[in-house]
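Engineer: Below is the structure I would like to discuss, written out as structure tokens.
The values are calculated or read from the model by the stated rules, or taken from the named source; none is laboratory data. Predicted, not measured: the structure shown is a model, and the values here were computed from it. Here the Cβ positions follow ideal geometry from the backbone for every residue, glycine too, while neighbour counts run over all protein chains shown. For the accessible areas, the whole protein counts, side chains as well, though only heavy atoms, and no ligand, DNA or RNA atoms are used. Shrake-Rupley method; radii C 1.70, N 1.55, O 1.52, S 1.80 Å.
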Amino acid sequence: MEQIAEESGDSFQIQESKRRVEQELNPLWNEVDRAMKQQQNPLQHPDSQNRTELFSGYRAPNLNQDGSDDDMEMLIRNSEDLLLESQNLCYASEETGAETLNLMGRQREQLQNAGNHLAGARAYLDDASDVLKSMTRKAMRNKRFLQGVVALLVVANILVFIADVKKKLGRGRRSGGANVGSADDDGD
């Protein structure tokens, strides 16, 4: 990468390629070296190896070398780019938050409307329940009344039947007596 950048003659690309080599390839070389050392000396203490891995990460650029102005400009540009990117992310997050709040507001209204509809439906159900209870009570009252009337008619029929039987029995006793052709028999 450095050779391509040097051929193009752009100093920024040269610095960027050097930075990328340091940032991306050097850790790979360090890992290869560590693996080779571990194969040569497998008894090395694992804590020291972990400590080395932990602190062998990022290295800050050396600003005291020649060309430090270019490095400084590159850092400033990178910082500005990161700042702009973070501002864009903040704006996008703010827009997403506002959209979410609007959506939640609409959903709240929908839930309130649904709650109002449910309250209305419950009121109609309560009214219908009251009407049905009233109708049931009236039907039971009418049923009892009709049962009473039927019982009264049955009792009346039994009394009429008994009276009729007594009347016939009373005539039979009288007819066996002296008044066989009397005026009492004519009215029957």
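Engineer: If the cut-off is a Cα-Cα distance under 21 Å, which lysines reach LYS133, setting aside same-chain residues fewer than 8 apart in sequence?
Structural biologist: Cα-Cα hits under 21 Å: LYS143.
Engineer: Taking all protein chains as present, what is the carbon and sulfur share of the accessible area of the range 65-118, in % to the nearest whole number, probe 1.4 Å?
Structural biologist: C and S atoms contribute 54 percent here.
Engineer: Mind checking the full-extension length gain between TYR124 and PHE145? Use 0.36 nm per residue of separation minus the Cα-Cα distance, one decimal, nm.
Structural biologist: Values: separation 21, 0.36 × 21 = 7.56 nm, distance 3.13 nm.
Using 0.36 nm per residue and subtracting the Cα-Cα distance, I get 4.4 nm.
Engineer: State the extension gain, in nm to one decimal, for the chain segment bounded by MET135 and LEU82, taking 0.36 nm per residue of separation less the distance between their alpha-carbons.
Structural biologist: Values: separation 53, 0.36 × 53 = 19.08 nm, distance 7.74 nm.
Separation in residues times 0.36 nm, less the Cα-Cα distance, equals 11.3 nm.
Engineer: Compute, for the range 81-178, the length of the dipole vector about the Cα centre, with Cβ point charges of +1 (Lys, Arg) and -1 (Asp, Glu) only. Units Debye, rounded to 20. Please report the intermediate quantities before stating the final value.
Structural biologist: On the way: 15 positive and 10 negative charges, 632 e Å.
Magnitude of the dipole: close to 3040 debye.
Engineer: Kindly write out, for the range 150-165 in residue order, the coupling ³J(HN,Hα) from the Karplus curve 6.51 cos²θ - 1.76 cosθ + 1.60 (θ = phi - 60°), rounded to whole Hz, with x marking Gly and Pro.
Structural biologist: For the range 150-165, the Karplus-derived couplings read 4, 4, 4, 5, 5, 4, 4, 4, 5, 5, 5, 4, 5, 4, 5, 5 Hz, x marking Gly and Pro.
Engineer: With the crude spin-label approximation of a point 7 Å out along Cα→Cβ, what separation in nm comes out for ARG106 versus LEU25?
Structural biologist: 5.4
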